[in-house]
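Inspection log for the structure reproduced underneath, given as structure tokens.
The values are calculated or read from the model by the stated rules, or taken from the named source; none is laboratory data. Note that the structure is predicted; figures quoted are calculated from it, not measured. Cβ: placed from backbone, ideal geometry, glycine included. Neighbour counts: every protein chain shown. Heavy atoms of the whole protein, side chains included, go into the accessibility calculation; ligands, DNA and RNA do not. Shrake-Rupley method; radii C 1.70, N 1.55, O 1.52, S 1.80 Å.
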Amino acid sequence: MKKDHSRTILCLFGLLFLLGTACSKDANDPPVTFAYASDVFEVEFRSTVTLQAPTMEWPGDKGTFSLKEDLEGLSINQNTGAIEIERHLPLGTHEIVVNAISGEKSWETSLELNNVLKDSFWSGGHNNDPMSDEIDYDRQFWLFEDGTLEVEIIGVAGSKGVGVWSLDGNTFSMHYCTYCEDANPQDIPNTDEHSYYEGTLTNEPIIASISGQWYVIRFDPDSSQLRGNFHLQWD
């Protein structure tokens, strides 16, 4: 019995030694450089961009790249690690994790991708019936990076106006007036009787659009009146 017990102890020590050797070998592997040119990238809404291949020093056989989580409008070249950004990438900040795999070994790196709406041009308009989806496409809007805008009714002399816009996630809002070209855009939200749009931005491969409801804002008397629906389309 003592002899069998001794053999069992020796076997356990042998197994522990082998495991320790394997862990030590992994721990002593030289560090691998795996990174993109930057930790943070900014792209403009509806742009098509390629983030160049990362630096990857494979310690052995060359492997492949993949995204840890799929994201609409984003793909990766499995052989090079270059990231392709398509027009329908959702707005906002995205944390991207990329895996590199070779045999049984894997590495990962991460980067922040900011998709932002800067200067843009939209065409569209509104109706005067909240129950109808028929829209008069008679207006043009220029949205600027600083949050201001210009508007014009197509073919109507002297109809140029100004205003402000904002985007919170996919929720869009806009205050503007027409026939007020010389006004300060920042003053429009406090101007008696102006138009207010509030809706949702939708970004698809073919087209981007903003749809919702519009109101007339008055301060004398103080009221907000729902007038109908609006639709804007990216141009």
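Glu108 contributes about 110 Å² of solvent-accessible surface, heavy atoms of the protein only, 1.4 Å probe. Accessible area per residue for the chain, computed on protein heavy atoms with a 1.4 Å probe, is 60 Å². Helical runs (DSSP H, four residues minimum) scored at -39500 (n - 2.57) apiece and divided by the length of the chain put the mean residue ellipticity at 222 nm at -4000 deg cm²/dmol. Using only Cα atoms, tell me the angle between helix 2-27 and the longest principal axis of the chain; keep it within 0 to 90° and round to the nearest 10. Approximately 40 degrees, to the nearest 10. Dividing the convex hull volume of the alpha carbon atoms of the range 98-235 by its residue count gives 152 Å³ per residue.
The value given for the chain is a Kirkwood hydrodynamic radius of 22.2 Å, derived from the mean inverse Cα-Cα separation. Solvent exposure of Trp107, expressed as accessible area, is near 60 Å², computed with a probe of 1.4 Å over the protein chains only. Over the range 78-166, the alpha carbon radius of gyration divided by the compact-protein estimate 2.2 N^0.38 Å works out to 1.78. The chymotrypsin sites (Phe, Trp or Tyr not before Pro) of the range 111-209 meeting both criteria, a DSSP state outside H, G, I, E and B (loop) and at most 14 other C-beta atoms within 10 angstrom of the site's C-beta, are Tyr137, Phe144, Tyr179. Once all protein chains are placed together, Ser106 keeps about 80 Å² accessible to a 1.4 angstrom probe. Here Met131 and Ala53 are evaluated by their C-beta separation; at R0 = 41 Å the FRET efficiency comes out at 0.15. For the range 106-176, carbon and sulfur atoms together expose 43% of the accessible surface, with a 1.4 angstrom probe and every protein chain in place.
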